[in-house]
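Take a look at the structure set out below.
The values are calculated or read from the model by the stated rules, or taken from the named source; none is laboratory data. In this text, all values refer to a predicted model and were calculated from it rather than measured experimentally. Positions of Cβ are backbone-derived with ideal geometry, glycine not excepted, and every protein chain shown enters the neighbour counts. Note: accessible area is taken over every heavy atom of the protein model, side chains too, but ligands, DNA and RNA are not part of it. Shrake-Rupley method; radii C 1.70, N 1.55, O 1.52, S 1.80 Å.
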Amino acid sequence: MDLVPPLLPCLLSWVVEYTPKLLMLELIWLEKLSREYQKMILAILLSLLTWLVTMLETAARGADLFESIAAEIISAMILGGTMAQRCKIEDPSGFILFPLVVHSFDLVVSSVGILSIRGTRDPGLISPIEDPMSIMQKGYSVTIMLAVLTFGVSTRWLLYTEQAPSAWLNFALCGLVGIITAYAFVWISKYYTDYKYEPVRLLALSSSTGHGTNIIAGVSLGMESTALPVLVISVAIISAYWLGQTSGLVDESGNPTGGLFGTAVATMGMLSTAGYVLTMDMFGPIADNAGGIVEMSQQPESVREITDVLDAVGNTTKATTKGFAIGSAALASFLLFSAYMDEVASFAQLPFKEVDIAVPEIFVGGLLGSMLIFLFSGWACSAVGRTAQEVVNEVRRQFIERPGIMDYKEKPDYGRCVAIVASASLREMIKPGALAIISPMAVGIIFRILGHSTGQPLLGAKVVASMLMFATVAGILMALFLNTAGGAWDNAKKYIETGVLGGKGSESHKAAVTGDTVGDPFKDTAGPSLHVLIKMLATITLVMAPIFL
C-alpha cells in the first residue's frame, strides 16, 4: 500500500499526457501508412508504454529521462514510417522498428558497461582511496564504445535501402553526433561541478570572504556554465539535420526528406547510453543516504571521510545526469516543435512553415513563453522555502518538547517531518503545474479570437508556436544554470570539508553551507522540473493545436 500514493500521480500523468498524443498521432500520421503497419505500430506503442509505466513504478527518480526516451521513440517511429512512405520504400518496417532496436541495444551495452566497473585497490592493503568518478568514467567509456558499434550495425541492418545505398551511413553519423553530444554534456557538467576542477575550487575560495561572495560566485558560475552546452546543442542539431538532408532519400518531387529523421536519429544516439547514465544518477542519492546513516549511527570519522568522497561524486553524477537530460530534451523539443507546425498546417489546410516574431502579437507570445519559465522557477523555489520553514519550526518544537534528542536519550518523531514534506510536495506543485497546463491553452484561445476578428486565421497557432519556441530556449538555459550552480555549491562545501580553507566549522565552511542551502532548490526542484515543463508545453500545444485555429 505504501506504493499507492506515488504510483497514482505517475499513472494519471501518463494517461493525461500520452493517450491524447497517441490518438492525435494516429489521426495525423498513421493514416498515411497501410492498415497492417498501423496495427503493428500501435501494438508496439502499447507494449512500450506498458513497459515504461512498469519501470516508472520502481524508478520514478528517472521519470524525466524515461519521458524523453518514450517521446523520442514514438516520434522517431512516426517520422521514419512517414519518410519511408514518401520515398516509396517498399519495406518501411526497418525505419519503424529502428528506435526499438537501438534502445534494446542500450540495455545490453549499459549492462556490459556497468559490469565492467572494477576497482584496482587491494582491500587488504593500506592505500589511498580510489577516485570513484574515474572508475565510473571508465565504465561509461566502455558503454560509449559499444554504443557506437551497435548503432552502426543497427543502421546498416535496418536503414539500408536500394534507393539510397549510402543513406544508412549518413544516419549512422547522425547517431554518432548524438553519442558525442551526450559525452560532451557529461564532461561539461563534470567540469563545472567536480571539485577536482578549477570552477568549484574558485567557488570554495570565494567562501573565505563571506556568504555574499559565495552566492555571487555561485550565480556567476551557473551563468557561465550555459555557454558550452548551448554551443554543443547547436552544432548537434545543425549537423544531424544536414546529414539527414544529404542522405539521398527524396520524395516524388525530388525534395530531400531526411532532415528531421536525421535529428531524431541523433536524439536516439544521445539516449543510446541512457541506462548507464541513469545508473550514475542513482549512485547520488544512495551515497548521500549512506553518509547520513554513518553520521546518525556515530561511526568513526574515517568511515565518514569515505562516505564524504562518495557523496561528492554523487553530487557530480546527479549534475551530469541533469545536463544529459536537458540536452536530450532540447533535441526532442525540436522534433515536437516541427510536429506541431505540421499538425497545424494539416488541420488548417494552410501552409505553416515559419514564425515571424516581427509581428507584435507573435513577439508578445515569445515574451509570455520566457516569462512562464521564470515564474514557474520562482514558484518552485518558493515552495521549497515555505516547506523548509515548516520543517524547521517542527524540529524546533521537538527540541523544546524532547530535550533528550541531542543527547540520544529520546527518539525524534521522524514521521511528522516526513508527513510535512510529503504533503507539501503535492500541495505546493499544484499552482506551478496548473500554470504550465493552462497558460498555452489560454494564450492560444485568446489570440485565436483576436486573429479571427482581424482576419488572421492562424494567429492563435502562431502565437502559441512563438510561446513554445521562447519557452524552450529560456527553459534550457535556466535549467542548465540552476542544475550546475546547485551542484557546484554543494561540492564547494564538500571540498572545504576535506580540510582546505579551515575545514568543517570554519567561517569558510559556514559560507559554503549557505551556498549549498540556496543551491538545493536550484538543483533538486526547479532545475529538474524545467526539463519536464519543456516537454509538457510541447505535448500540450501538440495535442491542443486544433483549438488554436
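Tabulated results
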| item | result |
| --- | --- |
| Efficiency of FRET between residue 209 and residue 162 - r from beta-carbon atoms, R0 51 angstrom, step 0.05 | 0.15 |
| Accessible-area composition of the chain, carbon plus sulfur, in percent [1.4 Å probe] | 68 |
| Candidates per trypsin sites (Lys or Arg not before Pro) in region 351-439, loop by DSSP, up to 12 other Cβ within 10 Å | 353, 409 |
| Probe 1.4 Å, accessible area per residue of the chain, Å² | 45 |
| Net length gained if the chain between residue 246 and residue 517 were fully extended (0.36 nm per residue, minus Cα distance) | 92.6 nm |
| Rg [Å, one decimal], Dmax [Å, integer] - region 79-199, C-alpha atoms | 19.5, 67 |
| Per-selection Rg to Rh, region 469-513 - Cα, Kirkwood hydrodynamic radius | 1.28 |
| Rg and Dmax [Cα atoms of region 143-260; Å; Rg one decimal, Dmax integer] | 20.9, 68 |
| Stretch in the chain that is longest and holds no GluC sites (Glu not before Pro) that DSSP places in a loop and that have at most 11 other beta carbons within 10 Å | 355-549 |
| Restricting region 396-425 to chymotrypsin sites (Phe, Trp or Tyr not before Pro) in coil, as DSSP defines it, with at most 16 other Cβ within 10 Å | 408 |
| Accessible area (Å², 1.4 Å probe, nearest 10) - residue 103 | 20 |
| The chain, helix-only ellipticity at 222 nm - DSSP H runs n ≥ 4, -39,500 (n - 2.57), divided by all residues, nearest 500 | -27500 deg cm²/dmol |
| Angle in degrees between helix 430-453 and the longest Cα principal axis of the chain, rounded to the nearest 10 | 30 |
| Residue 299-residue 219 FRET efficiency (beta carbon distance; Förster radius 41 Å; 0.05 resolution) | 0.70 |
| Nearest-0.05 FRET efficiency for residue 389 and residue 306, computed from C-beta distance (R0 35 Å) | 0.55 |
| Gain on full stretching of the segment that runs from residue 441 to residue 235 - 0.36 nm per residue minus C-alpha separation | 70.9 nm |
| Sequence-separation-based contact order of the chain, relative, with Cα cut under 8 Å and 6+ spacing, percent | 19 |
| Cα centre as origin, Lys/Arg/Asp/Glu Cβ charges: region 474-546 dipole, Debye | 80 |
| Links that overshoot a 19 Å alpha carbon limit, given the list 493/523; 322/431; 138/494; 353/462; 190/493; 196/318 | 322/431; 138/494 |
| Net +/- balance of residues flanking residue 193 in space, Cβ distance below 11 Å, scoring K and R +1, D and E -1 | +4 |
| Between 0 and 90°, nearest 10: helix 301-348 axis offset from the chain longest Cα axis | 20 |
| Over region 490-549 - Rg/Rh using Cα atoms and the Kirkwood inverse-distance radius | 1.42 |
| Identified option (computed Cα Rg over 2.2 N^0.38 Å; candidates (i) 1.03; (ii) 1.22; (iii) 1.26) | (i) |
| Dipole magnitude of the chain about its Cα centre (Cβ charges: Lys, Arg +1; Asp, Glu -1), debye to nearest 20 | 300 |
| Amide H within-cut-off set for residue 413, under 5 Å, with H built and near neighbours excluded | none |
| Percentage, to the nearest whole number, of Cα pairs in region 316-433 over 16 Å apart | 78 |
| Angle between the chain longest axis and helix 93-115 axis [Cα atoms, degrees, rounded to 10] | 20 |
| Per-residue HN-Hα couplings for region 369-385 [Karplus 6.51, -1.76, 1.60; θ = phi - 60°; Hz; x = Gly/Pro] | x, 5, 4, 4, 5, 5, 5, 4, 5, x, 5, 5, 5, 5, 5, 5, x |
| Region 373-484 - Debye-derived log10 I(q)/I(0), Cα point model, q = 0.10, 0.15, 0.21, 0.24 Å⁻¹ | -0.52, -0.80, -1.09, -1.21 |
